[in-house]
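Following: one structure in structure tokens, then a few remarks.
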Amino acid sequence: MKILKRLLVLSLITLINSSFFALSPAPALTLSGISAHGQKAIEQISTCINSEGKDSLNVLYLIDESGSLQKTDPNSLRVDGLKASLEQFRNVSVERPYFTVNRSILTFGDKVKVQKEWKTLTESQLEDDLNWIKNTVPDLTNGQATDWRLALNSAYAVFEKKLSSASCNVLIWFTDGAINVGNSEV
């Protein structure tokens, strides 16, 4: 289980570090070393931001802060993944100045907390976010549980404020929790 959790984090970092926001049409993307699911996600994001009528990209970060991260992410790989991801999303607005990139950051364990409200990802906002990530995320390991249902419901509620026909919407989820998508009473 620990290996699977670490692979999830490492896969996300690989995905982010592969310059997945090539601004060419989605079919032209070649993404070696990324899983089929990762390639599909990248193609969907690329297709959306290249679609006519789209003028904004809303990125919601959902970051696990459960106590298990002390063991499963002792080197805070989340920090590198978050930083690389934000830099890639900022590149979209740099290469397409008419395109607005917004971000919000939530943390979850047994509760959900909005750490950073929706803001446009400018150079100065990026610097502020990178500093927050570096100084705060490694210590986010105090949650008593990994309540992914609460996290996803909260993410949806936060996304509702930004949804429009002109926006592309992306959820980036960092967790080491096991996800049960079957029927459950829990």
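The values are calculated or read from the model by the stated rules, or taken from the named source; none is laboratory data. Small disclaimer: the values here were computed from a predicted structure and weren't measured. All Cβ positions, glycine included, derive from the backbone under ideal geometry; neighbour counts span all protein chains shown. When the accessible area is computed, the model is the full protein with side chains, heavy atoms only, and any ligands, DNA or RNA have been set aside. Shrake-Rupley method; radii C 1.70, N 1.55, O 1.52, S 1.80 Å.
The residues of region 61-84 that are closer than 23 Å to Asp128 by Cα and polar (S, T, N, Q), listed by number, are Asn75, Ser76.
When you scan region 147-169, do you find a residue that is in a helix (DSSP H, G or I), among the β-branched types (Val, Ile, Thr) and either at pLDDT 95 or above or farther than 20 Å from Val79 by Cβ (or both), even just one? Scanning region 147-169 turns up at least one residue that is in a helix (DSSP H, G or I), among the β-branched types (Val, Ile, Thr) and either at pLDDT 95 or above or farther than 20 Å from Val79 by Cβ (or both). For region 135-143, the criterion of being assigned to a loop (DSSP other than H, G, I, E, B), at pLDDT below 95 and exposed (fewer than 14 other Cβ atoms within 10 Å of the Cβ) is met by at least one residue.
For Gln125, the conditions (1) part of a loop (DSSP other than H, G, I, E, B); (2) closer than 22 Å to Asp80 by Cβ all hold with the exception of (1). Within region 39-72, the set of residues being open to solvent by less than 10 Å² (accessible area, probe 1.4 Å) and either within 26 Å of Gln115 (Cα to Cα) or not polar (S, T, N, Q) (or both) comprises Ile42, Ile49, Leu57, Asn58, Val59, Leu60, Tyr61, Leu62, Ile63, Asp64, Ser66, Leu69. When restricted to residues that are at pLDDT 80 or above and either more than 20 Å from the chain's Cα centre (by Cα) or hydrophobic (A, V, I, L, M, F, W, C) (or both), region 27-53 contains 9.
Checked against the criteria, Gly182 counts as of a type outside the set (S, T, N, Q), modelled with pLDDT under 90 and surrounded by fewer than 19 Cβ atoms within 10 Å (Cβ to Cβ).
All told, Ala166 falls short of being surrounded by 14 or more Cβ atoms within 10 Å (Cβ to Cβ) and of a type in the set (A, V, I, L, M, F, W, C).
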